[in-house]
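Just below is one structure, and these are the notes that go with it.
The values are calculated or read from the model by the stated rules, or taken from the named source; none is laboratory data. On a predicted model such as this, the values are computed, not experimentally measured, just so you know. Every residue, glycine as well, gets a Cβ built from its backbone with ideal geometry; the counts of neighbours run over all protein chains shown.
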Amino acid sequence: MDNSIFIRNLVFKYTQLDGDFGLGPIALDIPKGNLILFHGLNGSGKTTLAKIITKHLTKNVIYDELIIPEKSFYYNQLIEENIFIELTVQEHLKLFSKQSVYKVNELFDLFPVFDELKDKYPDELSGGQKQLLSFCTIISKPFDMIVFDEIFNHLDKAISNLVLQIIKDELVNTRKMTVILIAHHYDFIKPFCELTVEFKNGLISNIE
């Protein structure tokens, strides 16, 4: 099968203080090696489905068919993955490269901004620069799929463009990964995506 994700009749429900929340029924096909946009209002179901297909949510999930990648990762802006206060940027990249699909010099090539930051420690970096360092460690790992949830929030335009370029050119086009972007403000993202999935009230309302 050429699909990275194949979903048929998926339903997720749970009870919370302000009432029941439901997702589905959902049917969705996502081809391998594509960049996908999930968008919709808060509570529309996009993050819930993302957590299900990355195995962060497994309880109360019912489906007829669910095929998802073996190696996947869910990443949001609140995660500072593998950031150590005692290591410089260059020491982080050397550490990442030990379990990475990239060598140290390849990481510097992908992230030229790190060249001028290589001797700085995390507490000397801006929030966006720390998020970029965290992003670096995630993409260095051999995942089949990554979901990035609102990662462009709090990033300036230059870093946002760099991140999107790396996602599209390196992860999707070169490594043939499936990448899902979850975003509220998505006008600059949409032209780069092969598929756009809109969510509303726990359902997929539109696919284009």
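Count of the range 132-170 residues, restricted to those that are under 10 Å from L35 (Cα atoms) and surrounded by fewer than 20 Cβ atoms within 10 Å (Cβ to Cβ), is 1. Taking first residues from the range 180-205 that are farther than 9 Å from K46 by Cβ and partners that are assigned to a strand (DSSP E or B) and modelled with pLDDT under 90, the Cβ contacts under 6 Å between residues at least 6 apart in sequence or on separate chains come to K200/G40; G202/G22; G202/L23.
The set of residues from the range 35-56 being over 16 Å from the mean Cα position of the chain (by Cα) and either of a type in the set (F, W, Y) or surrounded by fewer than 20 Cβ atoms within 10 Å (Cβ to Cβ) (or both) comprises L41, N42, G43. Among all residues of the range 2-21, there is none that is among the β-branched types (V, I, T), modelled with pLDDT of 90 or more and closer than 30 Å to F108 by Cα. Checking F73, F96 one by one, the residue that is at pLDDT below 85, buried (at least 18 other Cβ atoms within 10 Å of the Cβ) and within 20 Å of the chain's Cα centre (by Cα) is F96 and no other. In summary, strands (runs of 3 or more DSSP E) completely within the range 120-205 and bearing 3 or more residues that are under 13 Å from the mean Cα position of the chain (by Cα) and either at pLDDT 90 or above or closer than 18 Å to A50 by Cβ (or both) occur at 145-149, 178-182.
Being hydroxyl-bearing (S, T, Y) and touching a helix residue (DSSP H, G or I) at 6+ places or on another chain (Cβ under 8 Å) is the filter here; which residues of the range 122-152 pass it?
Within the range 122-152, the subset hydroxyl-bearing (S, T, Y) is 126, 134, 137, 140.
Within the range 122-152, T137, S140 meet the criteria.
Looking only at the range 99-112, which residues are crowded, with 16+ Cβ neighbours inside 10 Å, in contact (Cβ under 8 Å) with a residue 40 or more places away in the chain and among the hydrophobic types (A, V, I, L, M, F, W, C)? Write out each step before concluding.
To start, the set of residues in the range 99-112 that are crowded, with 16+ Cβ neighbours inside 10 Å comprises 100, 102, 107-108, 110-111.
Now drop any that are not in contact (Cβ under 8 Å) with a residue 40 or more places away in the chain, which leaves 100, 110-111.
Residues satisfying the conditions are L110, F111.
D115 passes every criterion in (1) among the acidic types (D, E); (2) surrounded by fewer than 14 Cβ atoms within 10 Å (Cβ to Cβ); (3) over 28 Å from F192 (Cα atoms) apart from (3). Can you tell me which residue is surrounded by the most Cβ atoms within 10 Å (Cβ to Cβ) among those in the range 57-70 that are of a type in the set (A, V, I, L, M, F, W, C) and closer than 14 Å to S4 by Cβ? Looking at residues that are of a type in the set (A, V, I, L, M, F, W, C) and closer than 14 Å to S4 by Cβ, I get I68.
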